[in-house]
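Laboratory data are not the source of any read-out in this text; all were calculated from the coordinates shown. Bear in mind the structure is a predicted one, so any value in this text is a computation, not a measurement. So basically every Cβ, Gly included, is an ideal-geometry build from the backbone, and we count neighbours across all protein chains shown.
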Amino acid sequence: MPYDNQRAYDRLIFELSSPGRLAFSLPESDVPVEPALAKVPEAYRRREPAALPEVSELDVVRHYSRLSQMNYGVDTHFYPLGSCTMKYNPKINEDMARLSGFGRLHPLAPEALSQGALQLMHDLAAMLAEIAGMDAVSLQPAAGAQGELAGVLMIRAYHEARGEKRTKVLIPDSAHGTNPASTALAGYEVIEVKSDAEGRVELGDLEAHLGPDVAAFMITVPNTLGNFEPRVMEIGELCHARGAQVYMDGANLNAILGLTRPGDLGFDVCHFNLHKTFTTPHGGGGPGSGPVGVKAHLEPFLPVPVIAKREQSYVLDWKRPQSIGKLQAFWGNFGMHVRAYTYIRTMGADGLRAVSENAVLNANYIMKRLEGHYDVAAPGPCMHECVLSARRQKKLGVSAMDVAKRLLDLGFYAPSTYFPLIVEEALMIEPTETESKETLDAFCEAMIRIAKEAETDPSAIHQAPVTTPVRRLDQTKAAREPNLRWRAKV
Amino acid sequence: MRYLPNTPQNQRAMLDTIGVRTVEDLLTRIPAKARLSRPLALLPALAESDLIRHMRSLAARDADADTFTCFLGGGAYDHYVPSPINHMVLRGEYLTAYTPYQPEASQGTLRTIYEYQTMIAELTGMDVANASIYDGASSLAEAVLMAHAINGRHELALAGGVNPLYRRVVETYVDGPGLKLRDVPSPEGVLDRDAARRVVGGKTAALVVQSPNFYGCLEDVAAAAELAHAAGALLVVVSDPVNLGVLEAPGRQGADIVVGEGQGLGVPLSFGGPYLGVFAAKNEFVRRMPGRLVGATVDLDGSRGFALTLQTREQHIRRAKATSNICTNVALCALMATIYMATLGQRGLVRVGELSMAKAHYAAERLTAVPGVSLRFAQPFFKEFTLKLPKSPERVAAKLARQSILAGLPLKTLDRKLGDCLLVAVTEKRTREEIDAFADALAKAVA
C-alpha cells in the first residue's frame, strides 16, 4: 500500500500530537522570572496544564494545508451562493491590509500618531455615503447584523427624542433572518408583511399594519427574489406619511452601484456589507464589516466615536450626547475597511457602475438559460441574482438540496437553498460580475444536466456528492448527540 | 478592468440570448426619478502601483508596533505571531470560502472550527465553546443577554474593573431588552466584595468580573463565583485566553460563561479589528448559546465528518426568536487562533505567559523606581498595571512617543477618577533593553 499522505494529515491536530514536539520559537527570558511568579498568588495560577497539541511546525503547515484542500472557495470554484455576493477578492487588498502602518497599528495609539488610519476611515465613510446617497456613515458595525442593530437603535432613539413611543417594526416575510432577529434585539415587536407571488410587498397588507405604533419598515432592495421592487418610492412615502422610518438592508447593494442610491430612493437608513459588495474576503464565515449609513436627521444618534475632520487632522469624536453608544470595543473591523477602501480606489465611479451592470447581466443570462429547465420564482428581468425553484424536480423526487449536492460533484459550490422562505424548493443563484461567460455556461450546463438526470435517474442524484471528502452527513445525529469538542480516548 | 472578465463580444452574446438590446433594458424596474444621472463623485481609479504608493503614504503616518516600542494594552496586545499563521490564512480555500452551509464542500473550515472549539473549551476550563463572536466586547454583551435568557432576571452587576469600552457595548446591547446595569465599585482596583453583596441579589441575572481586569489587577474569581451563586446569579468572566497558560482557567473557579478577546492568539493589532470574540459556557446552557456551533457526526458511509449543528437557535431558522441576531462571525480570526494554539501548544502558552508576567514585573519595578511614579493599586497583576504619574500622562506619553515609545494609555478619557494614571502593558516581545529605555525616558519626562 502506498503512503496515503492525505489521510495522514486530515486527522485532527490533536491526533497528530506527539509529546515533546515543538512548533514555536520564544527567547530565553532576559529578566528574572522567579520574583514575578512569587508575586502572583498560587490560587490564581493554573494547576492542570491545558491539553493542547504538541506538534512540529511542519505538522502545523501540512495539517492546515491539507484541511484547506477540503474546502471550496472563490479562488478555486464558482460559488453562486445567493445573497452572499461571492465575488473575487483582489489580492492587492490583502497586501494593503498587511502594511505595518495598518496591520500593526494599536487601536489606542495616540490620535496624532494614527492619522493615516483615521483619514482612511474618514474617507471610506465619505465614499460609502456618496455611493448610497446618505449623509453620514459609521464604519463601526462588525457585520451586517450589527449594522442592522445599530440602524434600528438609531431609529428608536430618533422617535424617542421626538417624544414618540412606537413599538413595532414591519418586515416582509421574504427578509433575511437577521432582520427580525436584530429588530427584536433592539426592543421591537416584529410584524411580518406579506409578499405577493413575485416577492413584491403586498401594499394592502403593509397599509393595514402601518399604524401610529410602527417605528420603521425594513426592506431589502433589490428584494430577496432578486427583483427590484418597482413601488419602493411609494412605499417610502407611505411610511413617512405615517411617521415611520424606512430601512434598507444593503445585502444586495451589488446590483445598484452607480445606478441608483438608497438615499435617492427615499431610505433613511441602510447598511453595507463590505464582505459582499466591496470584496473583503468571507473567510469561511467572517470577519465581515457592516457600516451603517443615515440621513442627516439620524446623524446625532450614530455610534461613538465618530471619526471627524478638524482642520487638517482627524479625531475620534466622543462628545455625542444622543449617540446609541458603542457596538465593538474599538472602531470597527479596520482591516476590512482597508480592503474596501483599496477596492473602491481601484474601481472608481465607472468601474463600480460596470460592476453592477455586469452582475445584472450575468444573473439574467443564467436565468434565461435555465428557465426552460427549472421554474423561475418570479418573472424577470432580475437584478444581480435569480431565484429558481426545484418544485418540478421535487415531483420527481429530487429536492433543491439534492440539486445542490449534485452540483458539488460537478465542480461547483451550491446556490443558497430554501431561501427566501416564500419560494418552495428555492435555489438562489448569484453569479457576481467577476465570473466569465465560459464559467456561467459551464454552470448552466451542469444545472441542465441535473434537470435531465432528475427525469432519468433520480436515485443517482440522491447519492451525491461522491467526490467530496465526506458524503452526506447525519445532521440528526449531530443535533441529538452534540459532539462539540474532541476528547482523548481513555 | 481586471476584475471584470466580460468582453464586449461576451456581453453582446449574452444580451442576445436574454433577448434585450442593452443592459439598460434590464433595469427598467428602477424608478426613473431615482436613477443616478451622473457618475458617482469618487476620486479617479488608481492603477495598482499608484494605489500602493498612496496607501504607503497613508500607512506611514501611523505609529505602528514595528517602528515604535509598544507598551499599549487595554484590550489589544502586541504578542508574538508565529509566521505560519499568515501563510495559512492566505490560502484561498480558507480566505474566500463562506459559512459552511454545504458541509461536504467545507470540511476544512468545519474541522478547524471544531479544533478551535476544543482548544478554547480546554483553555477556559469550560464544557463548550462556540465558533466565535465579533470581538471581546460583543461577546460580553451576548453573554449577559444569555444570562438573562437563562434565569429571566433583569439586572446585571458589573465589577468596576471591567473594560469601560466593553461596558459601553453592553449598555448598547441591553437597551432593547431593557436590562439594568448596576456598577460595583472597585476603589482598590479589584471588586469590592461588600459593595458587591449590596448590589448582587435576587434580581441579578449575572455578575460580570474581568481578570486580569482593565487596570491589570487579578480578581479573586472564585470568591466572585461564590458571591454570585449565593444570590442565584450566574458568573460571567471576561478573560484573555493568551494568559491561560499560566493563569487558572475561569471554568475551574466557578464561571458559568467565559468570554474574552482572543486577539492575543495570533490575530493582528489592525487598529482594533477584526478581532476574535471568545465565548464558552457550561454544557447545560448550550442550547441558549449565541453564534455558530460545529459538531462531529458521521456521513452515509459511517466516516467521521463535521457540520454546523444546533442551528434551531439561530436567526436564519428562528428569526425574531433566535438566541442572538449574529450571522457572520469571525471564522478566519478563529482559524488564526487555532493555528496559534496548535503552534504554541501548552508549553508555548506557559512560556508566553511567564515571559509576559516576568517582563511586566521587571518593568513595574524599573518604572516605579522613577521618583514620583508609583503603582496606583496594591494588587497582584499579570502583564499590565496602572501607574500613577506626577505629571500629565497625556504629555508624558506624547514626549515618549517622540522617542518612538508608545508608553501606555492615559486613563483620563476612560476613567475620570484616574486622570493622573497611565495603563502599561508588557508582552513577551518586549526586551530588557526596551524596558530600560522606557524607564530612562520616563525619568526624563517627569523630572
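At-a-glance table
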read-out	value
Cross-link pairs B:K203/B:K417; B:K388/B:K412; B:K203/B:K321 - those with Cα-Cα distance over 18 Å	B:K203/B:K417; B:K203/B:K321
Listed residues B:L423, B:M336, B:P82: farthest to the positive end of the dipole of chain B (Cβ charges)	B:L423
Sparsely packed GluC sites (Glu not before Pro) within the stretch A:312-419, loop by DSSP, other Cβ within 10 Å at most 16	A:E371
Shielding by partners, peptide A:379-385 (average Cβ within 10 angstrom, other chains)	3
Most positive-pole-ward Cα, A:Y341, A:H176, A:A460, against dipole of chain A from beta carbon charges	A:A460
Chain B - percent relative contact order, Cα under 8 Å, separation 6 or more	19
Length-normalised contact order for chain A - Cα pairs under 8 Å, 6+ apart - percent	18
Angle in degrees between helix B:136-151 and the longest Cα principal axis of chain B, rounded to the nearest 10	90
Cα centroid of the stretch A:425-475 to Cα centroid of the stretch B:229-251, whole Å	47
Cα-based convex hull, the stretch B:84-339, per residue volume (Å³, whole number)	126
Peptide B:377-390, shielding by other chains (average Cβ, 10 Å cutoff)	1
Surface/4 of the Cα convex hull for chain B, nm²	27.8
Mean Cβ neighbour count within 10 Å, used as a protection proxy, ranking A:246-258, A:153-165 highest first	A:246-258, A:153-165
Distance histogram in 20 Å bins (all Cα pairs of the protein assembly as shown, percent per bin)	15, 48, 32, 5, 0
The stretch B:84-339, relative contact order in percent, only Cα pairs under 8 angstrom and at least six apart counted	27
Residue mean of other protein chain beta carbons inside 10 Å, B:173-179	5
Most to least packed among B:300-312, A:372-384 [average Cβ atoms within 10 Å]	A:372-384, B:300-312
Two-decimal ratio, the stretch A:1-142, of alpha-carbon radius of gyration to 2.2 N^0.38 Å	1.62
With Cα atoms, 0 to 90° folded angle of helix B:48-59 axis to chain B main axis	20
The stretch A:357-476: equivalent-ellipsoid semi-axes (sqrt of 5 x gyration tensor eigenvalues, Cα, Å)	23, 16, 13
Kyte-Doolittle at least 0.5, axis length at least 30 Å by Cα - qualifying DSSP helices, chain A	none
Residues A:R66, B:R2, B:R29 arranged by fewest to most Cβ contacts within 10 Å	B:R2, B:R29, A:R66
Sorted by Cβ density within 10 Å, fewest first, the residues A:F419, A:F278, B:F438	A:F419, B:F438, A:F278
Mean Cβ count within 10 Å, highest first, over the residues of peptides A:45-56, A:286-297	A:286-297, A:45-56
For A:Y64, B:Y134, B:Y101, order by how many other beta-carbon atoms lie within 10 Å, fewest first	B:Y101, A:Y64, B:Y134
Between the stretch B:394-441 and the stretch B:296-329, the Cα center-to-center distance that results, in Å	45
Cross-link reach list, aspartates and glutamates versus A:K394, counting only Cα pairs under 18 Å and skipping chain neighbours closer than eight places	A:E371, A:D375, A:D402, A:E424, A:E425, A:E453, A:E455, A:D457
Fluctuation leader among B:P84, B:P177, B:P44 - chain B, Gaussian network, Cα springs under 10 angstrom	B:P44
Which listed pairs, of A:K276/A:K437; A:K319/B:K383; B:K359/B:K444; A:K326/B:K429, have C-alpha distances above 27 Å, in listed order	A:K319/B:K383; A:K326/B:K429
